[in-house]
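Input: a single structure, listed below in structure tokens.
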Amino acid sequence: MLKKLFPIIIVFLLFFTSTHAQEILTNPLSERITEYDIQVKLDTETKKLSGQMVLKWKNPSQDTVRDLQFHMYLNAFKNDKSTMMSEGSSFLSKEENWGWVEIQSIIDPEGLDLTSGMRYLQPDQAIDEKTLRLPQEKPEQMRDPETDQTVLSIPLDKPVLPGDSLEVKINFISKLPKLAKRTGYAEDYYFVAQWFPKLGVYEPAGMRYAEKCGWNTHEFHRNSEFYANHSLYNVDITLPEDYIVGSGGVLQNTESHADGTMTHTFRAEDIVDFAWTASQEYQVFEDQWRHVNIKFLCHPEHAYQAERHIIALKHALEYLTEHVGPYPWPHVTFIGPPMKGSAAQGMEYTTFFTAGTVWGLPEGIRMPELVTVHEFGHAYFMGILATNEFEEPWMDEGINTYWEGRIMDHAYGSKTSVLDLPFINIGDLETARFTYLLMKNPKIADGYRASWEFPHGSYGAVIYQKSATWLHMLERMIGQPVIDEIFKRFYQRWGFKHPATQDFIDIVNEVVSEYHGDLFGESMDWYFDQFLKSSKMMDYTIESIRVRSIKEKGGLFGESGNQEFRESETVENMFKSEVRLERLEEAIVPVEILVHFDNGDEILERWDGKSRAHDFVYERAEKVVWAKIDPEMKMLMDANLMNNSYTREPSKMSAVKYSGKFLFLIQNLMQFAGIFN
Amino acid sequence: MMKILKAYKSGWTVSLNSKRMTSLVYLSYLILALLLVIPFYRLFVSVAGSSLLPDDLIRGFSATALGEFMREGGKAFGFYLKALLPWMVLFLVLGTFFQGGIISWISNDRGRFSTKTFIGNCVAYFWPFLKTCFYTLIIQIIFAVLVYLPVSILIGGDNLTDAHIGKTLIFGIAIHLLLLIWGTMIAEYTRLFIYRSGKRKVLKSLWKAFKFTLRNIHRLFGMYIMWVILPLALFIALYLIRMRWTIDPGLMIFLLFLVQQVFIWVRFLLKIQKTSIFYRYLVLIVQKA
């Protein structure tokens, strides 16, 4: 009986393993509103991809949806008029360097081709030139459709009713650009991102505080790429068989063809974007961290640094799991692009990301570690917590840079996590703070605006570094266990959803109130209003310390004719010490002041920091020697730490030490000059 | 080999007797350096004001403290960094000036050191040695072009790896280092030929030095390597001392300063020793001829 059944079982198994991809996760992590089944073939001569895609979409709202909106992000590389290109200088020149994507047909369930109704939209072109902000009402189409073709609207013949699903078949062709902005080819090296028509996010009214329902789509911008549904991807990639392929999915199968090509079948679940890479030279390193299979692909010249990358990734996995929440996928793939593909360095696609390094970097320069930790962090902040990077970029890059700092400083030392060389070292948090404060104008923009609204190239410092700095300051104010609880709750409540800024602030208020009551006021809104939603700066100073002998009050006392003159007399061994504080900038934060007396006594004072000036006065036998604002260095947003302390007995030791160093430097330089005589 | 060892040993003996001359050279340089360092110190004290933050710089390195400090007085400190280049030119001229006195004293190692005679010889040979310095500069520029032009062509192509670029650069720098040393040896022997001939014909002496160093290149490099071992060992020792002294307030800062100054003094001594070794070698070769 068994013998008779055996062929049937084999056929049955073969059928299921070949036509139905194996599921990666036992339970779906998200609603999986969108599913993509894509077959794509890469022509390595023309650098073109020809693809067939079956898109399934479920209407998550109570609205009747009459069109589909796609992100056609490869068209950002089509010409100099695209929004991305117009936001900076052009970097492509020859005809073969440009890239584009075209839908050739889109067939609805009735077999109707919908391409005739397609039109490009420019939803972000309505920016007010003066305020650099979007108006409240966004016109659907503002400019000549020739300008930017990265958002495409396709009217449906038959609308999608609330809760209904739609399946369309799409044929598309993509021409890869010469590698730029993490997309394209460099000779025979491929980094294939933004390569297929990707559906936007349909937001029902109320979602992310949207007043109206509708598609949330944005043009491809120089500084932002991501806002998408958590989706299911089954992707077949066909290309010459000598290429090694990596992607954000799990490799299910490979199949060789007679024409010398091979099809690689990948499946990825609950991720927001699918990118892949191919190179004939990749070396593959595999490792394991708990349930996670780690795969690192790099070119031979960087292979000796593979261990550094993998160790850094394990640090990040460990730390984020412990302090935020578990990494839910059983796989992560990352790559170290070669120099010719360096434009692909430092990018994230949830379960797939690109690191970055240079041959010959000493261990004390932690670039490979830093890029690995940062880009992996996006699996959480953008991947799991799928915020809208276009509209609220601080939630993506800002929060992620904060966690990068925590992981790096924890793993490699708070003073040595970025640079650890003889005689010079610097930590991640120190770097973030300096990058923000060394801006020509740190008040140029608040951090609560869309990614393309930052003037004069201020996006990086404001979104990455300033956000990270004020998050570190928040951590020091409320305590690390409290901020960990905030992020754990944020992860639990909003994981695999699309949280907005207010959702995060609500959790901060909730948790801070639970742990600290009203110690910081009714809510922490004041904190976000000052450091996120405004460009106010913070600077408290000790203007001076004054110490005088105490004198009895002198003068004439009593009634006329019976007046007594009393001489003003010094009270022995009693001194009046005044510690004079001032607030130099607009931001208001309660501060602590440590006051040190000449007998060694110390008093920790608290000031609400609201008034422009405040004095602490002491009348006692001991004199104040020095005072220090924020002795525990919590107030990282304080723009000037030099004026945070004041001593009546300044030491010249540091001047001696550094003058000695300067002298030694000059003497060595003069020895060097001696080679010419 | 015997000649190298003889020259090396003789160079040592001469340099050990040149402590007074070394001190004179060292002090002259120190005074010139202090012209920059004293105002730097005053600026540092003024920028630090009454703040406690600079105290963080006393114990080891603090990027935050240094960064804040430099932000406060950055522009003023920038002046001193910019001044380093003209100061190096001054040092170059001063070093050239001393060469006449040093060579004269080396050539007569049994004589007593006299500051007056020393300065007199410095003045006597200053002009031809300054010309030598100028020609050496041109030679060094030619060497740099000879190395980095092909290097830039080699690393300028498409489709290269960073490893290829890095290794080519390292190779180029190594070759340049060898040529740099050769250039200093040409300069050294040009001065020795000028001194020995008593004539001030710089270009002729330069040509002779070029031929001499080329003929004896392996021996001269051998001597150079022997000479370089001690400064290298000293540098490593200084590095280790500095790494160990992570807490260096007060006395430690003073001790470290002393060690640094002894290090600089010894380097001057070694430079005199190098000239002396090269001179003895020349004498030995000439005697044999």
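The values are calculated or read from the model by the stated rules, or taken from the named source; none is laboratory data. Everything quoted here is computed from the prediction, not taken from an experiment. Here Cβ is always computed from backbone atoms with ideal geometry, including for glycine, and neighbour counts include all displayed protein chains. Just so you know, the surface numbers come from the protein's heavy atoms only, side chains and all, with ligands and any DNA or RNA stripped out. Shrake-Rupley method; radii C 1.70, N 1.55, O 1.52, S 1.80 Å.
So the values come out like this:
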item	result
Test set (1) surrounded by fewer than 16 Cβ atoms within 10 Å (Cβ to Cβ); (2) within 14 Å of another protein chain (Cβ to nearest Cβ); (3) touching a Pro at 6+ places or on another chain (Cβ under 9 Å) - A:LYS657 fails condition number	(1)
Residues of region A:63-81 classified as crowded, with 24+ Cβ neighbours inside 10 Å and hydroxyl-bearing (Ser, Thr, Tyr), total	1
Yes/no for A:LEU313 being within 14 Å of another protein chain (Cβ to nearest Cβ) and of a type in the set (A, V, I, L, M)	no
Enumeration of residues in region A:470-524 that are closer than 15 Å to A:ASP396 by Cα and open to solvent by 20 Å² or more (accessible area, probe 1.4 Å)	A:TYR491, A:TRP494, A:PHE496, A:LYS497, A:HIS498, A:GLN502
Residue check, A:ASN643 in a helix (DSSP H, G or I) and either under 26 Å from A:LEU474 (Cα atoms) or open to solvent by 70 Å² or more (accessible area, probe 1.4 Å) (or both)	yes
Test: residue in region A:85-96 that is outside any loop (DSSP other than H, G, I, E, B), over 33 Å from the mean Cα position of the chain (by Cα) and surrounded by fewer than 21 Cβ atoms within 10 Å (Cβ to Cβ)	yes
Among the residues listed as A:ILE426, A:ILE365, A:ILE407, the single one being modelled with pLDDT of 95 or more, over 13 Å from the mean Cα position of the chain (by Cα), open to solvent by less than 30 Å² (accessible area, probe 1.4 Å) and β-branched (Val, Ile, Thr)	A:ILE407
Search result, residues across region A:535-552 that are more than 19 Å from A:ASN640 (Cα to Cα) and either out of contact with any Ser or Thr (no Cβ under 7 Å at 6 or more places or on another chain) or surrounded by 14 or more Cβ atoms within 10 Å (Cβ to Cβ) (or both)	A:ARG546, A:VAL547, A:ARG548, A:ILE550
Positions within region B:47-73 being closer than 18 Å to A:ASN441 by Cα, open to solvent by 30 Å² or more (accessible area, probe 1.4 Å) and either touching a Pro at 6+ places or on another chain (Cβ under 9 Å) or free of Cβ contacts under 8 Å to residues at least 24 places away in the same chain (or both), in sequence order	B:MET70, B:ARG71
Scan of region A:619-654 for residues that are within 30 Å of A:ALA461 (Cβ to Cβ), among the basic types (Lys, Arg) and either more than 7 Å from chain B (Cβ to nearest Cβ) or without any contact (Cβ under 8 Å) to a residue 24 or more places away in the chain (or both), ordered by number	A:LYS634
Any strands (runs of 3 or more DSSP E) falling wholly within region A:572-624 and containing at least 2 residues that are more than 29 Å from A:PHE520 (Cβ to Cβ)	A:613-620
Tally of residues being exposed (fewer than 15 other Cβ atoms within 10 Å of the Cβ), away from chain A (no Cβ under 11 Å) and closer than 14 Å to B:VAL202 by Cα across region B:124-154	1
